[in-house]
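For reference, the structure discussed in these notes is given below.
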Amino acid sequence: MYRESPIPARAQLPEHEPTQQLFCSSCQRNQELICQILSAYLPDEDDPEYQDRYEHAEEYEQSLKRRYPVVCRSCQVKVDQRLQQQS
């Protein structure tokens with residue numbers, strides 16, 4: 001049988017700062033859209049188009065990011081501030 005590992009008591013769990021939304025709804029929507037499009041980009045490995053699409057996947061991803069920016073200027077400021085706080 002499997003041995004169950006003990007679950008740490010709540011007091012032992014790491015403390016997390018309250019999360020503040022870093023990304024606006026537009027940035028979040030673009031990030032989700034890119035993930036959805038990329039997840040459908042590569043066909044099965046036995047598909048004749050697989051190799052060509054695989055070789056161009058990075059270029060395709062970059063073109064999507066240009067078309068659907070993942071971070072607007074306003075959100076970039078918040079991200080930069082958060083990264084500075086964590087340094």
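The values are calculated or read from the model by the stated rules, or taken from the named source; none is laboratory data. Every value quoted in this text rests on a predicted model; they were computed, and no experiment measured them. Side chains are part of the model used for accessible areas, which takes the heavy atoms of the whole protein and leaves out ligands, DNA and RNA. Shrake-Rupley method; radii C 1.70, N 1.55, O 1.52, S 1.80 Å.
Round to the nearest 10 and report in Å² the accessible area of LYS78, as given by a 1.4 Å probe over the protein chains' heavy atoms.
60 Å²
Amide H neighbours of LEU42 under 5 Å, at least 5 residues apart or on other chains, H built in the peptide plane: list them.
none
Would you work out what percent of the accessible area of the range 15-71, with all protein chains in place, is carbon or sulfur (probe 1.4 Å)?
Carbon and sulfur atoms account for 46 percent of the accessible area of the range 15-71.
Compute, for LEU22, the solvent-accessible surface of its heavy atoms (probe 1.4 Å) with the complete set of protein chains present, and express it in square angstrom to the nearest 10.
Surface open to solvent at LEU22 totals about 40 Å².
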